[in-house]
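Accompanying notes for the structure given below.
The values are calculated or read from the model by the stated rules, or taken from the named source; none is laboratory data. Since the model is a prediction, treat every value here as computed from it, not as a measurement. Quick reminder, even Gly has a Cβ in these numbers, built from the backbone with ideal geometry, and neighbours come from all protein chains shown. Accessible surface areas use protein heavy atoms only, side chains included; no ligands, DNA or RNA. Shrake-Rupley method; radii C 1.70, N 1.55, O 1.52, S 1.80 Å.
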Amino acid sequence: MINKIDDQLIFITLKFNIMKKIILIFFLSVISLFDRTKSQEVCSSNTNKELFNIEVCFDKFKGTTTLKSINDSFSSGHNLDISNYNIDFIYEDAFKTLKKSIKQIKLNSNKIKSLYENLFIDLSNSLIQLEFRENKITGSINHVFTSLYSLKSLFLNSNQIDRVEFETFKDLLNLENLNLEENEIKYLSKDCFLNLSKLKRLILKSNQVMFIEEKTFYNLIQLNYLDLSLNKLIQFDHFIFKTFSLLTDLILSNNQIEILEIDFMKLNVSLINSIQLSFNNLKTLKNNTFQSVLKSLEYLYLGDNKIEYLELDSFKNLNYLKGLYLENNLIKHLESGVFRDLIKLTNLDLSNNHLVKIDNKTFVGLNFLSNLRVNFNRIIFIDQNTFENLARIEVIEFKFNNLVNLKYFSKNNRFLKTYALSNNNLNSISFTFEDLSNLNENLDLSSNSFYNLERNWFNHNKSNLRILDLSSNKFEHLKKHYFENFKHIKKIILSNNKILSIEENTFLNLNTLTELDLSENSIFNIKNSLFKNLQVLNLGMNCIKFLDRRLFDLKSLAQLNLSFNMIDSFTIDNNRLPYLKILDLSNNPFLIEINIENNTELTKINLNNNFNLKKLKLNHQLTKLKSFYVANINSYLFQTIFIKSFRNLNDLEFSNSNIT
């Protein structure tokens with residue numbers, strides 16, 4: 001029995017010794033493999049355009065690239081660019097071999113994850129600009145920029161930095177521009193910028209900052225631009241701006257700010273020009289909210305919030321404000337005189353709110369207003385004299401509302417250029433457009449319910465209107481008196497109506513008319529005396545079957561669209577359209593014959609989808625033709641077309657036409 005036990009012990013001992021040897025051999029193999037992989041590092045030198053010799057090493061085992069050294073012995077440059085080198089790491093001594101005064105280093109678009117402390121300490125007296133854009137730097141970067149006393153610009157945007165502390169930038173005494181955009185910063189220590197007294201521009205956009213302590217920006221006495229947009233700010237201590245005496249631009253948009261305290265900046269800012277608070281969660285504006293920025297604020301952005309109500313003195317004494325943007329909120333009502341103190345305001349945007357009515361005192365005091373936009377609301381009524389005091393107004397837009405009738409317009413608006421009322425329910429006008437004699441650019445009445453234009457609406461010989469848009473209404477018949485007083489009109493748009501007929505001479509006396517759009521109607525016949533000096537004529541998508549040859553005796557016509565009609569033949573003879581450049585006859589299913597032999601100026605011809613075309617004659621000297629579309633027409637027609645003679649042709653479509 002004892003012998004058996006001894007034999008078992010001996011066997012176990014032998015087995016244990018064998019296992020030890022196996023483990024030892026395994027570790028020796030790993031060490032050997034590690035030694036071999038160390039030798040897998042391959043280094044190479046590259047000389048850039050400024051003759052810097054850059055040595056990088058690629059580790060085949062780890063799959064990483066390391067910046068090892070930089071030699072500037074043969075370089076006379078002061079700007080070093082090592083961007084897009086696929087670098088993962090930088091040797092601790094990589095910049096110690098530099099002998100000359102380097103002013104700028106770019107290491108953008110690499111894969112750098114971490115940086116050694118004191119990495120640039122040997123460049124402390126020369127380096128002015130340092131860039132690490134679009135890398136993978138994570139965690140803290142404390143002590144990396146030690147002793148860079150001359151540095152003025154530092155770009156660390158698009159990395160993964162998660163915090164900024166006092167030690168991070170404490171030696172950058174002359175820094176003027178700091179960009180930390182698009183990182184993962186959640187925390188800013190209260191003294192992280194303490195030594196940056198010369199900083200002028202600070203960008204913290206696209207981070208995860210939720211709160212800013214009172215003294216975070218303490219001593220930034222020269223800062224003029226601060227961007228905190230696209231963070232997670234809900235509120236902030238109003239004393240954080242205490243030292244910003246030179247601030248001109250403050251960007252707080254795209255946060256989660258819910259409340260602005262009265263006089264929320266609590267500072268004596270004499271130079272502030274712009275405050276951006278759009279895309280937050282603001283619900284109301286209290287009286288005197290901007291009390292401390294009265295003297296200089298010119299642009300205030302409050303769009304895309306949840307503002308329902310503006311207190312009467314929300315903008316009190318903002319006498320220098322030029323642009324106020326309140327679009328995309330929930331405002332239902334405007335107090336009379338709420339804008340009364342904005343005596344220099346030029347741009348006001350109230351689009352996409354819930355406004356129902358505009359009373360006659362809404363815009364009191366806006367003597368310099370030039371652009372007013374109140375689109376996408378629910379307005380059914382505009383009070384009389386609403387625009388009376390807008391002496392310098394140039395653009396008025398009330399598009400996409402519920403207006404049914406226009407009752408009044410002021411003669412005082414002598415600078416008005418554009419009056420846009422599209423996408424309402426307008427069907428009548430209760431005043432004459434004599435009141436609009438100063439309207440000298442664009443009247444947009446498209447997408448309404450007009451079916452007639454009364455003679456007295458436009459009964460005024462001094463109309464300076466250039467563009468009239470009546471598209472998408474309910475017109476069936478166009479009468480001669482509709483446009484007879486538009487002596488300066490250049491463009492009339494009547495597309496997408498229900499037009500069946502046009503009285504003779506309706507457009508004939510409009511000597512300045514150069515563009516006419518009658519597309520998407522139900523026109524069967526065109527009188528030959530309709531047009532005179534047109535350059536662009538669109539008759540596409542109608543029911544036109546017959547064309548009088550005399551119709552196109554238009555010496556100035558450059559573009560003609562007759563697509564999607566019922567035309568059976570088309571002929572241009574005797575040089576009736578000598579300057580025609582673009583011709584669209586596509587999708588005329590009954591078109592049998594086309595003859596345009598006498599025209600040599602054409603640059604584009606579209607004949608697609610004319611399945612029944614039997615005869616096609618083109619001028620063989622169309623040397624200016626660039627685009628020729630002949631898809632889905634009879635193939636035998638091309639026997640008479642010498643396409644090779646169109647030497648400038650660069651766009652040819654002939655699918656299902658069998659051109660060889």
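Here are some notes:
- By the rule of a C-alpha distance below 12 Å, with chain neighbours fewer than 8 residues away ignored, the aspartates and glutamates paired with LYS604 are ASP584, ASP651, GLU653.
- When only Cα pairs below 8 angstrom with a gap of at least 6 residues are kept, region 66-180 shows a relative contact order of 21 percent.
- Our compactness index for region 158-298, the C-alpha radius of gyration over the empirical 2.2 N^0.38 Å, is 0.99.
- The chain - Cys residues lacking any other Cys C-beta under 4.7 Å: CYS192, CYS543
- Once backbone amide H atoms are built at 1.01 Å from N, LYS617 has ILE594, ASN595, ILE596 as its partners under 5 Å, excluding neighbours fewer than 5 places away on the same chain.
- Annotation: amide H of GLN222 within the under-5 Å range of LEU199, sequence separation 5 or more or interchain, hydrogens built in the peptide plane.
- Percent carbon-and-sulfur accessible area, the chain, ignoring ligands, DNA and RNA, probe 1.4 Å: 48
- Fraction of the pair-distance distribution of region 334-388 above 14 Å, Cα-Cα pairs, percent: 53
- Using θ = phi - 60° and Karplus 6.51 cos²θ - 1.76 cosθ + 1.60, couplings along region 476-487 (whole Hz; Gly, Pro as x): 10, 9, 9, 9, 4, 6, 4, 10, 5, 9, 8, 6
- The phi-based Karplus calculation (6.51 cos²θ - 1.76 cosθ + 1.60; θ = phi - 60°) puts the 3J(HN,Hα) values of region 585-595 at 10, 5, 6, 10, x, 9, 5, 10, 9, 10, 9 Hz, whole numbers, x for Gly and Pro.
- Whole-Hz Karplus values for region 190-203 come out as 5, 10, 5, 10, 4, 8, 9, 5, 9, 5, 10, 9, 10, 10 Hz, taken residue by residue from phi with 6.51 cos²θ - 1.76 cosθ + 1.60 and θ = phi - 60°; glycine and proline positions read x.
- Sequence-distant residues sharing a close amide H with ILE161 (under 5 Å, placed H): GLU184
- Secondary structure note: in the chain, about 15% of the DSSP beta bridges are antiparallel.
- Note on region 128-209: Cα convex hull, mean projected area over all directions, 4.4 nm².
- Between GLU50 and ASN281, the C-beta separation translates, for a Förster distance of 45 Å, into a calculated FRET efficiency of about 0.35.
- Legend: residue pairs LYS581/LYS614; LYS152/LYS286; LYS487/LYS615; LYS545/LYS624; LYS283/LYS357, Cα-Cα distance threshold 32 Å; pairs beyond threshold, LYS152/LYS286; LYS487/LYS615.
- Mean separation of Cα contacts under 8 Å (6+ apart) over length of the chain, as relative contact order %: 4
- Our note on the geometry: Cα centres of region 346-373 and region 159-214, 40 Å apart.
- √(5λ) per eigenvalue of the Cα gyration tensor, region 530-632, largest first, Å: 19, 17, 12
- Whole-angstrom Cα spans of the chain along principal axes, big to small: 123, 75, 74
- For region 495-575, the Stokes-Einstein estimate of translational diffusion at 10 °C and a viscosity of 1.306 mPa s comes to 124 µm²/s, using the Kirkwood hydrodynamic radius over alpha-carbon pairs.
- Helical runs assigned H by DSSP (4 residues or longer) give the chain a calculated mean residue ellipticity at 222 nm of -2000 deg cm²/dmol, each run adding -39500 (n - 2.57) before division by the residue total.
- Computed with a 1.4 Å probe over protein heavy atoms only, the accessible surface of the chain comes to 48 Å² per residue.
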